[in-house]
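Report on one structure; see the data block that follows.
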Amino acid sequence: MVRFNENNEVLREDQYKTILVGLEKNQDISYSMEELEGLAQAAGAQVLAHMVQKLEKPNTATLIGKGKVEELSEAVKNMEADMVIFNEELTGMQLRNLEDALGVRVIDRTILILDIFASRASSREGKLQVELAQLKYRLPRLTGFGKSLSRLGGGIGTRGPGEKKLETDRRHIERRMNDIKEELSQFKNTRNTQRAKREKNKVPVAALVGYTNSGKSALMNRLLTVSEKEDKSVLERDMLFATLDVQQRNVTSQSGRQFILIDTVGFVSKLPHSLVEAFKATLEEVTYADLLLHVVDSSYENHDFHIEVTDRVLEEIGAGDKEKIMVYNKCDLPHDDIICPAGCENIEISAKTGENINQLLHMIESRLFGNYVKAKLLIPYDRGDISSYLCSEATVTIMDYKENGTYFEAELKEADYRRLKKYEAL
């Protein structure tokens with residue numbers, strides 16, 4: 001649907017003239033429609049108009065009412081639109097009926113987001129995850145996609161005697177989904193190995209989470225700059241879903257301590273369930289993090305809506321109760337007074353200018369290392385159990401064999417330090 005140039009910018013001649021359609025049931029959808037417009041523009045569409053219908057019960061055949069379909073058809077002709085995007089997920093039957101009635105291509109919010117993800121995916125794992133989500137979406141809608149799905153179909157040797165094309169497509173998609181899941185499991189095994197190594201080395205992890213385009217990658221790059229690791233910077237663009245793949249970087253705190261900083265895909269309202277499922281292995285990194293940095297675009301008028309959406313996705317992936325710091329980014333831009341959710345530590349920063357970055361690093365350090373102390377211990381040789389414990393549970397920087405015991409310089413939990421204080425080397 002969309003072509004990008006070498007700078008990942010939409011080629012303007014590929015734009016679709018589009019009308020956006022929303023269904024308002026029992027709550028205001030103005031934020032969601034505004035977001036849909038941003039998604040459409042990110043995919044290369046020129047938005048001509050919004051059309052919203054208030055309807056308690058969606059029409060099973062066309063989602064919106066018959067009269068609204070006729071009104072939409074007139075708008076398509078008058079505005080010379082060549083695409084209509086619905087804010088709700090459509091069934092296969094609804095897709096087919098609407099295309100027949102409107103005479104132009106019809107897609108829904110889920111197809112749109114999947115299309116953007118497909119355009120942004122760069123790694124092998126990212127591409128497989130997006131393809132899996134697309135196939136999960138298409139499988140129950142084969143009749144709605146009609147002949148266009150035959151391009152997924154098999155060719156010579158794939159059809160059985162008397163077998164219908166629809167059945168061939170379904171079997172082909174199911175086989176491909178199984179192949180993708182098997183390959184993705186290998187990536188998951190690799191991450192599990194990396195995670196086990198981090199845990200063994202006692203390296204804490206902080207994860208950046210938040211709405212798409214809130215500045216998570218910009219913040220990661222700013223923290224890397226402070227750590228004098230600019231050469232490890234990640235892709236940073238003012239665009240939706242610039243980051244799809246997990247990015248992991250070592251960051252050095254102000255006291256010289258090391259921790260892992262993770263950046264993952266940004267969230268958006270009505271994030272397709274198939275996409276969440278496909279990216280679940282990637283998003284697992286968030287659930288294993290010791291601390292979440294919830295990055296919020298404070299310059300966006302309705303950033304509370306972004307916070308609500310992010311919290312909802314965190315709950316869905318099992319990370320809703322994680323310890324977190326609310327990081328209100330873009331404080332260099334005009335913004336209203338910030339009211340932070342109760343019980344959350346918060347800070348206003350600017351990833352662009354570096355404002356309050358050192359304070360943020362201090363907050364991260366106190367959360368990740370607050371209960372750790374540095375100690376010098378001399379452990380008698382007859383207490384090998386303590387030496388083994390320190391090697392496995394503490395961060396040992398120096399270990400030396402002295403005449404009367406094993407000398408350690410280590411960083412260990414405060415509770416362990418109090419228990420072993422009698423062995424302190426003065």
So, of the residues in the stretch 378-416 that are at pLDDT 90 or above and hydroxyl-bearing (Ser, Thr, Tyr), which turns out to be nearest to Arg198 (Cα to Cα)? Ser388
Restricting attention to the stretch 166-173, does a residue exist that is at pLDDT below 80 and surrounded by 16 or more Cβ atoms within 10 Å (Cβ to Cβ)? yes
What number goes with the only condition from (1) free of Cβ contacts under 8 Å to residues at least 24 places away in the same chain; (2) within 41 Å of the chain's Cα centre (by Cα); (3) not in a helix (DSSP H, G or I) that Asp400 does not pass? (2)
When the stretch 396-426 is checked residue by residue, the ones that are exposed (fewer than 11 other Cβ atoms within 10 Å of the Cβ), among the hydroxyl-bearing types (Ser, Thr, Tyr) and under 23 Å from Arg257 (Cβ atoms) are Thr397
Top-ranked residue in the stretch 26-43 [being of a type in the set (D, E, K, R) and more than 15 Å from Val84 (Cα to Cα); ranked as surrounded by the fewest Cβ atoms within 10 Å (Cβ to Cβ)]: Asp28
Of the residues Leu114, Leu90, which single one is crowded, with 20+ Cβ neighbours inside 10 Å, within 19 Å of Leu275 (Cα to Cα), hydrophobic (A, V, I, L, M, F, W, C) and modelled with pLDDT under 90? Leu114
Quick check on my filter: what residues within the stretch 192-216 are in a helix (DSSP H, G or I) and open to solvent by 20 Å² or more (accessible area, probe 1.4 Å)? Asn192, Thr193, Gln194, Ala196, Lys197, Arg198, Glu199, Lys200
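Restrict the check to the stretch 179-190 and report whether at least one residue is in contact with a strand residue (DSSP E or B) (Cβ under 8 Å, 6 or more places away or on another chain) and either over 26 Å from Thr353 (Cα atoms) or β-branched (Val, Ile, Thr) (or both). Give the steps one after another, and end with the answer.
Residues of the stretch 179-190 that are in contact with a strand residue (DSSP E or B) (Cβ under 8 Å, 6 or more places away or on another chain), as a first pass: none.
So far as the stretch 179-190 goes, no, none of its residues is in contact with a strand residue (DSSP E or B) (Cβ under 8 Å, 6 or more places away or on another chain) and either over 26 Å from Thr353 (Cα atoms) or β-branched (Val, Ile, Thr) (or both).
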Selection within the stretch 376-393 - within 19 Å of Val203 (Cα to Cα) and touching a Phe, Trp or Tyr at 6+ places or on another chain (Cβ under 8 Å): Leu390
Looking for something of a type outside the set (Ser, Thr, Tyr), open to solvent by less than 50 Å² (accessible area, probe 1.4 Å) and assigned to a strand (DSSP E or B) - is there at least one such residue anywhere in the stretch 368-376? yes
When every residue in the stretch 63-87 that is of a type in the set (A, V, I, L, M, F, W, C) and part of a helix (DSSP H, G or I) is compared, the one most open to solvent (accessible area, probe 1.4 Å) is Met79
Of residues in the stretch 129-153 being closer than 15 Å to Asn178 by Cβ and surrounded by fewer than 18 Cβ atoms within 10 Å (Cβ to Cβ), the one modelled with the lowest pLDDT: Leu152
Please go through (1) touching a residue at least 24 places away in the same chain (Cβ under 8 Å); (2) buried (at least 16 other Cβ atoms within 10 Å of the Cβ) for Val106 and return the number of the only condition it doesn't satisfy. (1)
Take the residues of the stretch 349-367 that are out of contact with any helix residue (DSSP H, G or I) (no Cβ under 8 Å at 6 or more places or on another chain) and open to solvent by 70 Å² or more (accessible area, probe 1.4 Å): which is nearest to Ser255 (Cα to Cα)? His362
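The values are calculated or read from the model by the stated rules, or taken from the named source; none is laboratory data. These numbers come from a predicted model, not from an experiment. Backbone-built Cβ (ideal geometry, glycine too); neighbour counts: all protein chains shown. Each accessible area value is taken on the protein alone, full model and side chains, heavy atoms only, with ligands, DNA and RNA left out. Shrake-Rupley method; radii C 1.70, N 1.55, O 1.52, S 1.80 Å.
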